[in-house]
Amino acid sequence: MIKVENLFLHYRGKTILHDINFSVAENEFVCLVGESGSGKTTLLKVIAGLLKQSRGTVLKEHHVSMVFQSAALLPWLTVRENIEFPLKTAGKDYDTGLIDKTIKEVSLSEHQHKYPRDLSGGQRQRVGIARALVVNRKILLLDEPFSALDIKTSIELRQDLLRLWKQNNLTIVMVSHLVEEAVELADRIVIMQAGKIRREVNFHLERPRELESKSFLKVVDHVKELIEN
């Protein structure tokens, strides 16, 4: 679904991304982790087409949708109008049934006529996810989507994301600042450091994952050790 080959990004005389090579298979869930400034979000934006690489290629089988740290909602539009917005601005005909289905999938049916100011942080992020899904149900990119939320809401949304991933056979690439979150969600973890991919960690844990199990904590400790050393 996604293949990045020999990718470099230079900015103001500095190399931000250095010879990036990796691929993501159909229906795979991949998390990018690493210290702040390691290039995770920059790489995600290049894959999304929001930044242009200096050299190398990004191959995608489909268009992608992206969910940001902030839901970036338009405050003068209702929940439903925010979700419809990218389709309307593109001048596309769209199925109102798909809008209804997506709103229901993210548990916003009772809130679809509210404005962003009347929503909780978790509800606003659900709108951002729904907006991405109505544009594209193939490849979803997420940039630390739960980092600004409280623990309880973050746990709920991670479970919702896993459900949406399975139901819609999505391919997901997500940036996370929490190793535990990455191990809970991903099939594979890509560790970045100083604009390079340092390691890729493949692991097999049954779902749903037991977050206190020895096998889960062993993977978490292994990834943290690779990041720190």
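A few points about this structure:
- Gyration tensor verdict on segment 152-208 (Cα atoms; rounded if a/c is under 1.5, prolate if a/b is larger than b/c, oblate otherwise): prolate
- Carbon/sulfur fraction of accessible area - segment 84-135, other protein chains in place, 1.4 Å, %: 46
- Once all protein chains are placed together, Met174 keeps about 0 Å² accessible to a 1.4 angstrom probe.
- With N as its number of residues, segment 118-229 has a Cα radius of gyration that, divided by 2.2 N^0.38 Å, comes to 1.11.
- Theoretical ellipticity at 222 nm over the chain - DSSP helices of four or more residues, -39500 (n - 2.57) apiece, nearest 500: -11500 deg cm²/dmol
- Counting only protein heavy atoms and using a 1.4 Å probe, the accessible area of His18 comes to about 70 Å².
- Above-threshold pairs, the threshold being 30 Å between Cα atoms, out of Lys40/Lys152; Lys3/Lys152; Lys152/Lys218: Lys3/Lys152
- Among residues other than Glu26 with Cβ under 14 Å from its Cβ, the summed charge is +3 (Lys and Arg +1, Asp and Glu -1).
- With q set to 0.21, 0.23 Å⁻¹, the log10 of I(q)/I(0) for segment 18-78, from the Debye formula over equal scatterers at the Cα positions, is -1.05, -1.20.
- Hits among aspartates and glutamates - C-alpha to C-alpha of Lys92 under 13 Å, sequence gap 8 or more where chains match: Glu84
- Surface composition of segment 142-193: carbon and sulfur make up 53 percent of the accessible area, probe 1.4 Å.
- Whichever aspartates and glutamates have a C-alpha closer than 13 Å to that of Lys166, once near sequence neighbours (fewer than 8 apart) are set aside: Glu26, Glu28, Glu105, Asp187
- Rg over Rh [alpha-carbon atoms, Kirkwood Rh] for segment 46-131: 1.03
- For segment 27-171, accessible area per residue (1.4 Å probe, heavy atoms of protein chains only), Å²: 49
- Span-like helix ranges in the chain, DSSP H, alpha carbon extent 15 angstrom or more, Kyte mean at least -0.5: 121-135, 214-228
- Three principal axis extents describe the C-alpha atoms of segment 97-161; from largest down they are 33, 28, 17 Å.
- q = 0.10, 0.12, 0.16 Å⁻¹: log10 I(q)/I(0) that the Debye formula gives for segment 1-158, counting C-alpha atoms only: -0.41, -0.59, -0.97
- Extension gain, His177 back to Leu205 (0.36 nm per residue minus Cα-Cα distance, nm): 8.0 nm
- Accessible-area composition of segment 1-72, carbon plus sulfur, in percent [1.4 Å probe]: 47
- Between Leu77 and Lys224, full extension at 0.36 nm per residue minus the direct alpha carbon distance yields a gain of 48.8 nm.
The values are calculated or read from the model by the stated rules, or taken from the named source; none is laboratory data. Computed from a prediction, not measured in an experiment: that's the story for all the values here. Here Cβ is always computed from backbone atoms with ideal geometry, including for glycine, and neighbour counts include all displayed protein chains. Side chains included, ligands, DNA and RNA excluded: accessible areas come from the protein's heavy atoms. Shrake-Rupley method; radii C 1.70, N 1.55, O 1.52, S 1.80 Å.
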